[in-house]
Every structure is written in structure tokens, then in C-alpha cells.
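What follows draws every value from the coordinates through simple rules; no lab data is involved. Quick caveat, the model's predicted, so the values are computed rather than measured. Positions of Cβ are generated from backbone atoms using ideal geometry, with glycine treated the same way; all protein chains shown enter the neighbour counts.
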Amino acid sequence: MSKIEINKLTNANVYMNGINLLGRAEEVQLPQIKHKMAEHKALGMVGSAEFFAGIDKLECKIKWNALYPSVMTICSNPFLSTMIQVRANLETYNGTGRIKEVPATAFLIGTFKEFPLGNIKPQENAEYETTMSVTYAKLIVDSIEIFEIDVLENIYKVGMVDMLSTFKKNTGA
């Protein structure tokens, strides 16, 4: 029996405000969680250190494979939040083949800040890439919450553990 297991995630489906957009998104670039780090250095220390100071802004980019008026109508309104769900099938393989498939779902809420009129080339399908400013992100794999971030509600959970619970208690938030 093979001890090595390899995960593959090679396809997904996009939902916008609960509407299935199967076959319309060509590519989704989910937000990169980037921790802001504050440098600390002082006399007597052999070096400097960095400590968590917050989270950088979150962005999501979606490349659409054609012009979809219903999608662009939502993307062109910067005053309404949009819910995006990206559902995928995470496969696990070992020496015997595929041994497991589980759902992997990213949940996002934000407002679109960029929407194109399109890149149009002769005899090629036009491309439309939108950019969303994300205020909420959550990842669930096989019913297990990996993380949840809500910058407006001051939520940062990893594995359902509130990373800010003591901070919120100390500040009365």
C-alpha cells in the first residue's frame, strides 16, 4: 500500500449571488491571504523580528470567457456587495489510483472595482477580467473550516479558532 497521497484540484464552478455560472468563468484567482508584519528591533537584540499586525487587502479576479450582461450588470455596481462561491472537487491519489473525492468551497463577499469592456481580437472569443475587492473570505474542505476572515466584522478564524478573541475581549470590541 502506498503511503504517499497527492491531492489534485483541477476544476471548479463559480456561483454569483447563488446563481450557477457553469462554463462561463475561464479562470478564478482567489484572494491571497497576506499577513502584514510589523518589524521590531531594539538595542541589545542580536537581530530584528516581525510580528503579525493585520491582513493586507484581499482581491479576487475572475476571467469570463464571453460577455454576459447579467454578470457585467452586477460587476459594474460598486455600491452592492456580491457573494461569490467557488466550488471544486478535491481528489486524492496514491499508488493504487484515485482514493477519495471531497468538496472544497471558497466563499467570498465583496464589491467589484474593475470591470472591462473586453479584449477583442479578430476571430477569437473576447475576454473579460473583473476584479473584486473582498471583505469576507472562507474556505471549507470536506466540511472542515480551514479559515474565515471578515474584515468588516473583525473576524479571523483558523480551524474555527478565533485568532482575535483575546484582542476583542481586551479592547471591548
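Between residue 129 and residue 57, what is the FRET efficiency for a Förster distance of 22 Å, r being their Cβ-Cβ separation, to the nearest 0.05? Show your work: numbers first, answer last.
Values: r = 18 Å, r/R0 = 0.82.
My answer for the efficiency is 0.75.
What size of dipole, in debye to the nearest 20, comes out for the chain about its Cα centre when the only charges are +1 on Lys and Arg C-beta atoms and -1 on Asp and Glu C-beta atoms?
Working: 18 positive and 19 negative charges, 36 e Å.
For this selection, approximately 180 debye.
Once the convex hull of the alpha carbons of segment 18-119 is built, what does its volume come to per residue, in cubic angstrom?
Taking only Cα atoms, segment 18-119 has a hull volume of 208 Å³ per residue.
How far, in nm, would the chain grow between residue 80 and residue 3 when pulled straight, counting 0.36 nm per residue and subtracting the alpha carbon separation? Write down the numbers at each step before the final one.
Details: separation 77, 0.36 × 77 = 27.72 nm, distance 4.84 nm.
Full-extension gain reported as 22.9 nm.
Would you mind estimating how fast the chain diffuses translationally, via Stokes-Einstein at 10 °C and 1.306 mPa s with the Kirkwood radius over Cα pairs, in µm²/s?
Details: Rh = 18.8 Å.
My calculation gives 84 µm²/s for D.
Just from its helices, what would the mean residue ellipticity at 222 nm be for the chain, if runs of 4 or more DSSP H residues each count -39500 (n - 2.57) and the sum is divided by every residue, rounded to the nearest 500 deg cm²/dmol?
Details: 2 runs with 14 residues, N = 173.
Per the formula, -2000 deg cm²/dmol.
Below 8 Å, C-alpha to C-alpha, sequence gap of six or more: please give me the relative contact order for the chain in percent.
Working: 355 pairs, mean separation 34.5, N = 173.
Relative contact order of the chain: 20 percent.
Work out how much length residue 152 to residue 29 would gain on full extension: take 0.36 nm times their residue separation and subtract the Cα-Cα distance, in nm to one decimal. Could the numbers behind the result be given before it?
On the way: separation 123, 0.36 × 123 = 44.28 nm, distance 2.19 nm.
My answer for the length gained is 42.1 nm.
What lysines does residue 138 reach when the alpha-carbon gap must be under 17 Å and sequence neighbours fewer than 8 apart in one chain are set aside?
34, 57, 61, 157
Using a Förster distance of 22 angstrom, determine the FRET efficiency expected from the C-beta separation of residue 37 and residue 161, and round it to 0.05. Don't skip to the end; give the middle numbers.
On the way: r = 20 Å, r/R0 = 0.93.
Once rounded, the FRET efficiency stands at 0.60.
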